[in-house]
Amino acid sequence: MRASDYAVPHMVWFLVRRLLANAVVVLGVAFIVFALVFLASDPARALLPLDAPPAAIESLRRTLGFDQPIPIQFVGFLGRAIQGDFGTSTRTLEPALGLVLGRVPATLSLGIAGVCVALVIALPLGIVAAMRPGSWVDVVARSVALVGQAVPGFVLGQVLILLFAVTWRLLPVSGSGSPAYLVLPAIVVGLGSAAGLTRILRSSLLDVLGRDYIRTARAKGVGPRRVVVRHALRNAAIPFVTFLAFDLAAIVSGVIIVEVVFSYPGMGLLVVQAVTNRDLPVIQAFTFVAALTIVTVNLGLDVVYGLLDPRIRLG
Amino acid sequence: MDETWPTAQRRHLPGRHDLPIIVGGGIVVAVVLMAVLAPLISPHDPLAQVLPDRLKPPAWLPGGSPAYLLGTDANGRDILSRIIWGSRTSLQIGLLSVLLGAAIGLSSGLLAGYRRGWVDALIGRLADIQQAIPLLILALAVIAVVGSSVLNLVIVLGAGSWLYYHRVVRGEVLAIRERPYVEAARAVGAGDWRILSRHILPNIAGSIVVIVTLEIPQVILFTAGLTFLGLGVPPPTPEWGRLIFEGRDYLQGAWWLTLEPAAFLVLFVLGVNLLGDALRDRLDPVRRHH
């Protein structure tokens with residue numbers, strides 16, 4: 001498999017392998033999205049509004065080829081999907097993919113703000129807890145992690161609405177517009193992942209701090225702060241980033257629920273409304289977009305790891 | 001493997017070490033008893049509507065009545081009874097879907113780790129595909145088509161959560177199958193089935209028990225989240241997520257509708273997490289010794 005011992009060809013092979021593996025994953029996701037229709041007793045019915053006339057159902061059945069063998073139908077679905085055609089919303093009759101993509105900026109800004117909140121909490125707590133295990137900061141970090149993992153976002157969101165928006169009237173209850181609308185939702189999304197991130201950062205830092213090269217650095221007279229910042233954090237970064245990537249699915253799920261709690265007009269609110277209306281094309285388009293995003297982020301991380309750590313690239 | 005919270009580790013200091021197990025175990029046992037004994041301990045019928053008594057506050061607040069310890073909802077139903085019966089639904093869904101997920105993941109993990117080769121590669125690809133679709137989105141999409149019921153929820157949540165068990169089991173089997181005692185068993189002519197059931201399974205049982213323990217509250221939280229989105233357990237069946245959801249419109253005036261069931265949910269998840277973490281520390285000999 002390996003063309004030579006130089007790093008660059010290895011990196012190319014590594015990339016090709018990852019790309020192929022991810023192409024298979026995308027194909028599999030496409031099949032699941034395609035197969036959703038067949039869970040319904042009458043696929044053509046499921047794709048049209050409830051009050052659609054029988055003639056329209058019959059015509060869609062023929063257009064989409066539900067009378068043809070499933071492999072041929074799947075190829076047709078793939079062909080349309082590649083052109084960005086997931087059908088039209090049964091509610092608004094607009095193209096489903098366009099509706100989903102139109103909500104991307106709102107959801108993306110909420111997700112990024114949420115991750116920032118998570119990092120602002122997890123980085124200092126995790127670092128200080130690892131530097132002084134057993135201290136009160138450590139106890140606080142552990143408690144935050146435990147409670148943070150037990151309180152669901154929709155409960156926290158409602159409590160924050162009750163306190164900050166209803167009782168003290170400091171922030172808007174729900175909706176979107178100014179950055180003020182982003183504050184409470186971002187806090188809820190962020191606290192959800194801060195718990196796990198703090199735990200991972202603390203444990204991987206503790207692990208690294210026990211290594212020989214840290215002892216060497218200390219023996220050379222490097223101060224505790226510099227040991228953590230220059231030597232330990234870099235090596236603790238890989239498990240931390242891995243966890244953040246692994247947590248991506250949880251963040252996406254958290255964002256969906258938070259959008260509903262705060263009536264924040266992102267993709268999550270759109271898809272939950274689509275589910276209520278049984279608007280299957282929108283659900284299909286959303287599922288595909290979400291999965292494609294996750295696959296792309298993971299591929300990007302694979303490349304970053306491959307560059308960072310030769311053991312992964314050559315393994 | 002990834003965590004090392006330091007605890008009082010010396011053998012002659014059992015008090016501090018056992019606290020998480022006692023507290024966590026106590027909460028878990030209390031909730032399980034509540035669910036099992038629901039018909040005996042529930043003070044009212046969870047579905048009975050007494051309209052003149054609607055939106056009564058908890059007994060300790062002015063206007064509260066000792067007949068309704070935790071107050072009543074907008075339809076005059078007793079909250080305490082609904083929480084007690086709700087624990088039944090929540091635990092059922094949690095337990096059944098975790099068992100389903102564990103059964104699938106255990107089988108696929110054993111198969112992939114023991115057979116390796118193309119079987120492992122094939123299951124690995126399926127796992128990658130599953131991982132690309134967050135469980136919440138998969139559940140939303142499937143429930144949207146097939147409709148929501150307790151059975152559908154259990155199937156979707158169970159079938160959608162095999163991944164975690166699969167990864168752990170596969171990894172452990174890959175390591176264990178190379179151990180000398182497995183090779184010795186193979187050398188004396190033990191068959192695949194005997195090696196799997198007598199030598200490999202007992203060695204991974206501990207990890208499975210811990211994951212199952214830790215996953216049950218996750219599934220319950222998840223179901224509660226789905227119910228909150230309007231897709232979980234259909235009304236009027238009491239379930240913790242549904243109770244929290246139903247209180248949403250009354251949050252300002254009647255906070256107890258939302259916060260009381262939420263408190264039970266949070267306390268239970270906290271209890272299981274304490275217990276699960278402590279069990280994991282005990283079962284992991286590497287961490288036990290430092």
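Every read-out reported here was derived from the displayed coordinates using simple, explicitly stated rules and does not represent laboratory data. This structure is a prediction, so every number in the text was calculated from the model and none was measured. Note that we place each Cβ from the backbone using ideal geometry, even for glycine, and neighbour counts take in every protein chain shown.
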Quick one: Kirkwood hydrodynamic radius for segment A:143-263, alpha-carbon pairs, angstrom, one decimal?
16.5
Which distance in Å, rounded to a whole number, links the C-alpha centroids of segment B:129-181 and segment B:218-270?
24
Between A:GLN273 and A:SER135, what length in nm is gained on full extension when 0.36 nm per residue of separation is reduced by their alpha carbon distance?
45.0 nm
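So, with +1 on the Cβ of K and R and -1 on the Cβ of D and E, and no other charges, what is the size of the charge dipole of the protein assembly as shown about its Cα centre, to the nearest 20 debye?
Details: 49 positive and 36 negative charges, 420 e Å.
So the magnitude is around 2020 debye.
With charges set only on the Cβ (+1 for Lys and Arg, -1 for Asp and Glu), what does the dipole of segment A:214-315 come to about its Cα centre, in debye to the nearest 20?
Result for segment A:214-315 is approximately 1040 debye, rounded to the nearest 20.
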Interchain or sequence-distant (5+) residues whose placed amide H lies within less than 5 Å of the amide H of A:THR88 are A:ALA96
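If you take each beta carbon of peptide A:259-268 and count the beta carbons of other chains within 10 angstrom, what is the mean? Walk me through the numbers before you get to the answer.
On the way: counts 0, 4, 3, 0, 0, 0, 0, 0, 0, 4.
Averaged over the peptide's residues, the number is 1.
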Please list, by residue number, everything in segment B:142-179 whose backbone N is under 19 Å from a paramagnetic label point 7 Å out along Cα→Cβ of B:ARG125.
B:163, B:167
Just counting partner chain Cβ atoms within 10 Å, what average do the residues of peptide B:44-57 show around their Cβ?
0
In nm, to one decimal, how far is the modelled label at A:THR167 from the one at B:ALA205, with both set 7 Å along Cα→Cβ?
5.0
Where the centre of each part is set by its Cα atoms, how far does segment A:44-118 sit from segment B:45-90, in angstrom?
43
For n ≥ 4 DSSP H runs only, could you compute -39500 (n - 2.57) per run for chain B, divide by its residues and tell me the 222 nm figure to the nearest 500?
-22000 deg cm²/dmol
Against the longest principal axis of chain B, how steep is helix B:162-176, in degrees 0 to 90 to the nearest 10, with axes from Cα atoms?
30
With the convex hull built on the alpha-carbon atoms of the protein assembly as shown, volume per residue in Å³ sits at 211
So, how do all the Cα-to-Cα distances of chain A break down into 10 Å bins, in percent, from 0 on up?
5, 20, 24, 24, 17, 8, 2, 0, 0
Going 7 Å from the Cα of A:ARG80 along its beta-carbon direction, which residues of segment A:254-294 have the amide nitrogen within less than 18 Å of the resulting point?
A:278-289
Could you pull the Cα extents of segment A:35-185 along its three principal axes, largest to smallest, in whole Å?
70, 37, 27
Estimated inter-spin distance, A:ARG62 and A:ALA23, nm [label 7 Å along Cα→Cβ]:
3.7
Calculate the radius of gyration of the Cα atoms of segment B:71-288 to one decimal place, then report Dmax, the largest Cα-Cα distance, as a whole number, both in Å.
20.7, 73
For the protein assembly as shown, with the dipole built from +1 on Lys and Arg beta-carbon atoms and -1 on Asp and Glu ones, taken about the Cα centre, which of A:VAL33, A:VAL115, B:ALA159 lies farthest toward the positive end?
A:VAL115
What average number of partner chain Cβ atoms lie no more than 10 Å from the Cβ of the residues making up B:142-150?
5
Identify, among A:PRO239, A:THR296, A:ILE187, the residue whose Cα sits farthest towards the positive end of the charge dipole of segment A:183-299, taking +1 on the Cβ of Lys and Arg and -1 on the Cβ of Asp and Glu, with the dipole about the Cα centre.
A:PRO239
Please compute the modelled spin-label separation between A:LEU301 and A:ASP212, points set 7 Å along Cα→Cβ, answer in nm with one decimal.
3.1
Here the gain from full extension of A:ARG230 to A:PHE246, 0.36 nm per residue of separation minus their alpha-carbon distance, amounts to 3.2 nm
Let me spell out the model: positive unit charges on the Cβ of Lys and Arg, negative unit charges on the Cβ of Asp and Glu, origin at the Cα centre of chain A. What dipole size does that give, in debye rounded to 20?
1460
